[in-house]
Amino acid sequence: MKRVVILNDLKESDIRPDLGYSRYKELLAENIRRYFLAQDCLLEVACPGCGATTVCRHFLAMGLRYCVCGECGSWYVSPRPSQEKINTFHRESTACKFWRADLVEKTAALRSEEIFSYRVQWIAGLVEEFCPEASVLVDRGSRYPSLLTQLIRQKLFSKIALLFPECFEQEAFLPREADILRDQCPQAYADVFVAFEQIERCFDPGAIIREAAQVCKPGGIFVLTTTTSSGFEYKVLADQSPNLIPFDRLNLLSFEALLGLLNKGGFRVVEASTPGRLDVEMVKKTMEKLPASSGYDLWKYIFNYRSPEALHSLQEFLQQFQLSSHVRIAAVKEQGSYEQSR
Ligand SMILES: [Zn+2]
C-alpha cells in the first residue's frame, strides 16, 4: 500500500483566516443550539467505525457530545441530527452560508493552488496507474466549483457528474460541462468516485462507502479525504483541539476503522496517506494560548526550545508514519464485490 509525503509548507491562516474562522465557529455554536439542541431532534447512534456501543470517554463541544469508541478509537457525535436535518442545516444555516460566502471566497486562490491542484494531480496519477481507460468521474457532495473547473481542464474524463452537490449559492459557478445528479446515481457508472470531506460530515459513513461500491464499476477507484481521530492534533489536544467542530466533524474515524470499513465494503485499499501539513503548527498555536498549568510538558518544551527545522521534521514524521489528522485514501473496487456491498 502506497504512502505519500508532501513537503512544502502551508500555514493554517492561509486557508482559515483567524477572524473569519472565529466568526464561523461563533455562528455555528449559535445555529447548533437553535436547529438541534432547542428542537430535541437528535438520534443516538452506535460507533460508525465499528458498530460498537462501548464508549470509553466522552466530552462536549458546542453542546453536542463526542463519544470515544472503546473498541476502535473513533470519535463520533451521539446523539446526532438525521441526514435530512444535516442537509437543511448545510443549505440554510447562517454559519454554512457565511462559510461559503466569506471563507471559501477569500481563500479561493490559495485553496486552488495549494489544495485543489494536489487533488487533481493525485486523481490523474491514480487513473494512470489503476484505471487508464477511465471516462466517468462522479464527485459526491461537491463544494468547490474551482476544483471541478481544474479537473475538467485536465481532460482526464469524458463525463463528470456531481452527485448531491453542496454548492448552493455558488451553483452558478459550477462548470456547465458537469452533469448534476440530485436524486441518485446509476449503478456501476463511475470509473472514479470521489468523496472529499464527506465521511466526516455525514450521518452514516458506512452508507457513503456502500454508495461508492454501488456506483463504481468493478476495478473503479474510490478516492476520499477525511479527518481522523488517529492524527497528532486529536491525540495530543483531545477536546482542546480548535478544530473539534461537531457539525463539520460528526465522525472522526480512526485510521484503522476507516481501512476496515473499506475492506468490508468490497474495496482494496491501494493508498492510505496522511499528507496533512498543518498538525504541528496547529498544536503549537493552541498550546501558546493554554495556561501554563495545562500540562503537555514534552510538547511545550519541543515547541519552545527546538528549531523550525525540528518542527518541520516532526511534521514530515507524522506524514511518513500516517499520524497526521488529514487522511487521503484510494481504494479499488474488487471484481464481483457488488453483491457483497449491498
Ligand atoms: Zn468503534
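Being in contact with a Pro (Cβ under 8 Å, 6 or more places away or on another chain) and at negative phi narrows it down to one of Ser254, Ser307, Ser324, Ser293, so name that one.
On the way: Ser254 fails: in contact with a Pro (Cβ under 8 Å, 6 or more places away or on another chain); Ser307 fails: in contact with a Pro (Cβ under 8 Å, 6 or more places away or on another chain); Ser293 fails: in contact with a Pro (Cβ under 8 Å, 6 or more places away or on another chain).
Criteria check complete, one pass: Ser324.
With the requirement that a residue be surrounded by 14 or more Cβ atoms within 10 Å (Cβ to Cβ) and either within 16 Å of the ligand (Cβ to nearest atom) or β-branched (Val, Ile, Thr) (or both), what does the stretch 37-50 give you?
Val45, Ala46, Cys47, Pro48, Gly49, Cys50
Select from the stretch 62-84 the residues that are surrounded by 17 or more Cβ atoms within 10 Å (Cβ to Cβ) and more than 16 Å from the ligand (Cβ to nearest atom) and list them in ascending order.
Selection gives Met62, Leu64, Pro81.
So if I check each of Ala52, Ala61, Ala29, which one is at pLDDT 80 or above and farther than 25 Å from Leu323 by Cβ? Spell out the reasoning first.
Values: Ala52 fails: farther than 25 Å from Leu323 by Cβ; Ala61 fails: farther than 25 Å from Leu323 by Cβ.
None of the others qualify; the one that does is Ala29.
When only residues in the stretch 161-195 that are of a type in the set (Asp, Glu) and not in a helix (DSSP H, G or I) count, which is farthest from the chain's Cα centre (by Cα)?
Looking at the filtered set, the residue picked out is Glu177.
Would you pick out the residues in the stretch 214-230 that are under 15 Å from Leu258 (Cβ atoms) and in contact with a strand residue (DSSP E or B) (Cβ under 7 Å, 6 or more places away or on another chain)? Don't jump to the end; show me each part of the working.
At the first step, the residues of the stretch 214-230 found to be under 15 Å from Leu258 (Cβ atoms) are 222-230.
Phe222, Val223, Leu224, Thr225, Thr226, Thr227, Thr228, Ser229 - these are the residues of the stretch 214-230 that are under 15 Å from Leu258 (Cβ atoms) and in contact with a strand residue (DSSP E or B) (Cβ under 7 Å, 6 or more places away or on another chain).
Go through the residues of the stretch 209-216 one by one and say whether even a single one is polar (S, T, N, Q) and not in a helix (DSSP H, G or I). Before the answer, list the steps.
First pass over the stretch 209-216, keeping only residues polar (S, T, N, Q): 214.
Checking which are not in a helix (DSSP H, G or I) leaves us with none.
Looking for residues that are polar (S, T, N, Q) and not in a helix (DSSP H, G or I), one finds none in the stretch 209-216, hence no.
Do any residues in the stretch 41-59 that are acidic (Asp, Glu) have Cβ atoms under 8 Å from those of residues that are surrounded by 17 or more Cβ atoms within 10 Å (Cβ to Cβ), where the two are at least six apart or on different chains, and which pairs are they?
Every condition considered, the pairs that remain are Glu44/Ser78.
Taking Arg91 and the conditions (1) in contact (Cβ under 8 Å) with a residue 12 or more places away in the chain; (2) away from the ligand (no atom under 16 Å from the Cβ); (3) surrounded by 13 or more Cβ atoms within 10 Å (Cβ to Cβ), which numbered condition does it fall short on, given that it satisfies the others?
(3)
To keep it simple, each residue is scored yes or no on (1) closer than 22 Å to Glu26 by Cα; (2) touching a Gly at 6+ places or on another chain (Cβ under 8 Å); (3) crowded, with 19+ Cβ neighbours inside 10 Å.
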site	(1), (2), (3)
Leu181	no, no, no
Gly206	no, yes, no
Gly220	no, no, yes
Ala238	yes, no, no
Asn243	yes, no, yes
Ser254	no, yes, yes
Asp279	no, yes, yes
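Within the stretch 258-342, which helices (runs of 4 or more DSSP H) (wholly inside it) include 2 or more residues that are touching a residue at least 24 places away in the same chain (Cβ under 8 Å) and of a type in the set (A, V, I, L, M, F, W, C)? Working first, answer last.
On the way: elements: 279-289, 297-305, 308-320, 338-341.
In the stretch 258-342, the matching helices (runs of 4 or more DSSP H) lie at 279-289, 308-320.
Of the conditions (1) in a strand (DSSP E or B); (2) closer than 19 Å to Thr227 by Cα; (3) within 16 Å of the ligand (Cβ to nearest atom), Phe59 satisfies every one except a single condition; which number is it?
Only one criterion is unmet by Phe59, namely (3).
Quick grid of which residues meet (1) under 30 Å from Arg33 (Cβ atoms); (2) aromatic (Phe, Trp, Tyr); (3) within 16 Å of the ligand (Cβ to nearest atom):
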site	(1), (2), (3)
Glu256	no, no, yes
Leu261	no, no, yes
Lys264	no, no, yes
Val269	no, no, no
Ala272	no, no, no
Leu278	yes, no, no
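Looking only at the stretch 89-106, decide whether some residue is among the aliphatic types (A, V, I, L, M), over 26 Å from Phe222 (Cα atoms) and at pLDDT below 90. Spell out the reasoning first.
So in the stretch 89-106, the residues among the aliphatic types (A, V, I, L, M) come out as 95, 101, 103-104.
Filter once more, keeping what is over 26 Å from Phe222 (Cα atoms): 95, 101, 103.
Among the residues that remain, those that are also at pLDDT below 90 are: 101, 103.
Within the stretch 89-106 (the criterion being among the aliphatic types (A, V, I, L, M), over 26 Å from Phe222 (Cα atoms) and at pLDDT below 90), the answer is yes, since at least one residue qualifies.
Being touching a Gly at 6+ places or on another chain (Cβ under 8 Å) and farther than 18 Å from Arg3 by Cα, is that true of even one residue in the stretch 326-334?
First, pick out the residues of the stretch 326-334 that are touching a Gly at 6+ places or on another chain (Cβ under 8 Å): 326-327, 332-334.
The next check asks that each one be farther than 18 Å from Arg3 by Cα; those that pass are 333-334.
Yes; the residues of the stretch 326-334 include at least one that is touching a Gly at 6+ places or on another chain (Cβ under 8 Å) and farther than 18 Å from Arg3 by Cα.
Exactly one of these conditions fails for Ala330: (1) over 28 Å from Ser82 (Cβ atoms); (2) surrounded by fewer than 17 Cβ atoms within 10 Å (Cβ to Cβ); (3) modelled with pLDDT of 95 or more; (4) among the small types (Gly, Ala, Ser). Give me its number.
For Ala330, the failing item is (2).
The values are calculated or read from the model by the stated rules, or taken from the named source; none is laboratory data. In this text, all values refer to a predicted model and were calculated from it rather than measured experimentally. Cβ sites come from the backbone with ideal geometry, for glycine too, and all protein chains shown count toward neighbours.
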